[in-house]
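Engineer: Got a structure for you, written out below as structure tokens; questions coming shortly.
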Amino acid sequence: MNNTDCSEIDGYEKADKFVEAKNSLMKKWYENPYDLKILIRASFINWYLLVEWERTKHLNIDCDELADRINEIYDFGIKNFSENEEFLLAFGYMISVSPENFASCDYTSSYNNGMLMLKKAFKINPNNDLIKLIYTRSINKEILTKPMCENIVKYIDEKFVVDSVISDYVKSVILQIE
């Protein structure tokens, strides 16, 4: 991933200014669509605002516009990053959790596509603990242990120096596993 400066976006997220964060991320992505870090963050914030609609509807964001942006980024990403484990992990997770938000096919086909993306990310990099955890969780929640999950949270704290919507979301999902 590139080292794009995201301090302004981090500030928006910390202040719960998600519309500003989304708009800033989309602007950065349009300026440099090959920046994988921005691509993933832009897709994630659009996806997050859509799937967490009950918690974010007060922001008056158009759901159709969020879905359009997610699919626009996905279409670009799949053409340019289909062999990148970070892209596959991020989109594989988002698609497997909410296949209805991805217009490429019907619900079952989208879900299966998400699962295949997770599997491919794992095959590319089976030693990445975050990929291993998310892939393993997608196929069998029973084999995960609390220490395994706690190690992943430490990994996320090291990888994401600043708290962000992505890091907070991933940590909350992981800590639900026991």
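The values are calculated or read from the model by the stated rules, or taken from the named source; none is laboratory data. If you're wondering where the values come from, they're calculated on a predicted model, not measured in any experiment. Cβ: placed from backbone, ideal geometry, glycine included. Neighbour counts: every protein chain shown.
Engineer: Modelled with pLDDT of 70 or more and loosely packed, with under 13 Cβ neighbours inside 10 Å: does that describe ASN127?
Structural biologist: Yes.
Engineer: Okay, moving on. Of all residues in region 97-119, count the ones that are in contact (Cβ under 8 Å) with a residue 12 or more places away in the chain, within 16 Å of TYR74 (Cα to Cα) and of a type outside the set (Phe, Trp, Tyr).
Structural biologist: Residues flagged as in contact (Cβ under 8 Å) with a residue 12 or more places away in the chain, within 16 Å of TYR74 (Cα to Cα) and of a type outside the set (Phe, Trp, Tyr) within region 97-119 amount to 13.
Engineer: Right, next: Restricting to region 73-88, name every residue that is among the acidic types (Asp, Glu) and touching a helix residue (DSSP H, G or I) at 6+ places or on another chain (Cβ under 9 Å).
Structural biologist: GLU83, GLU85, GLU86 - these are the residues of region 73-88 that are among the acidic types (Asp, Glu) and touching a helix residue (DSSP H, G or I) at 6+ places or on another chain (Cβ under 9 Å).
Engineer: For region 25-53, how many residues are more than 16 Å from GLY77 (Cβ to Cβ) and not in a helix (DSSP H, G or I)?
Structural biologist: Residues flagged as more than 16 Å from GLY77 (Cβ to Cβ) and not in a helix (DSSP H, G or I) within region 25-53 amount to 1.
Engineer: Just to be sure I understand, how many residues within region 1-58 are without any contact (Cβ under 8 Å) to a residue 40 or more places away in the chain, crowded, with 18+ Cβ neighbours inside 10 Å and polar (S, T, N, Q)?
Structural biologist: Within region 1-58, residues that are without any contact (Cβ under 8 Å) to a residue 40 or more places away in the chain, crowded, with 18+ Cβ neighbours inside 10 Å and polar (S, T, N, Q) number 2.
Engineer: Among LEU116, LEU66, which is the only one that is assigned to a helix (DSSP H, G or I) and either touching a helix residue (DSSP H, G or I) at 6+ places or on another chain (Cβ under 6 Å) or among the charged types (D, E, K, R) (or both)?
Structural biologist: On inspection, the qualifying residue turns out to be LEU66.
Engineer: Is it the case that region 2-22 has a residue that's more than 12 Å from the chain's Cα centre (by Cα) and under 21 Å from ASN128 (Cα atoms)?
Structural biologist: The answer is yes; a qualifying residue exists.
Engineer: Considering only residues that are among the β-branched types (Val, Ile, Thr), crowded, with 20+ Cβ neighbours inside 10 Å and either outside any helix (DSSP H, G or I) or modelled with pLDDT under 95 (or both), which ones fall in region 71-102?
Structural biologist: Selection gives ILE95 alone.
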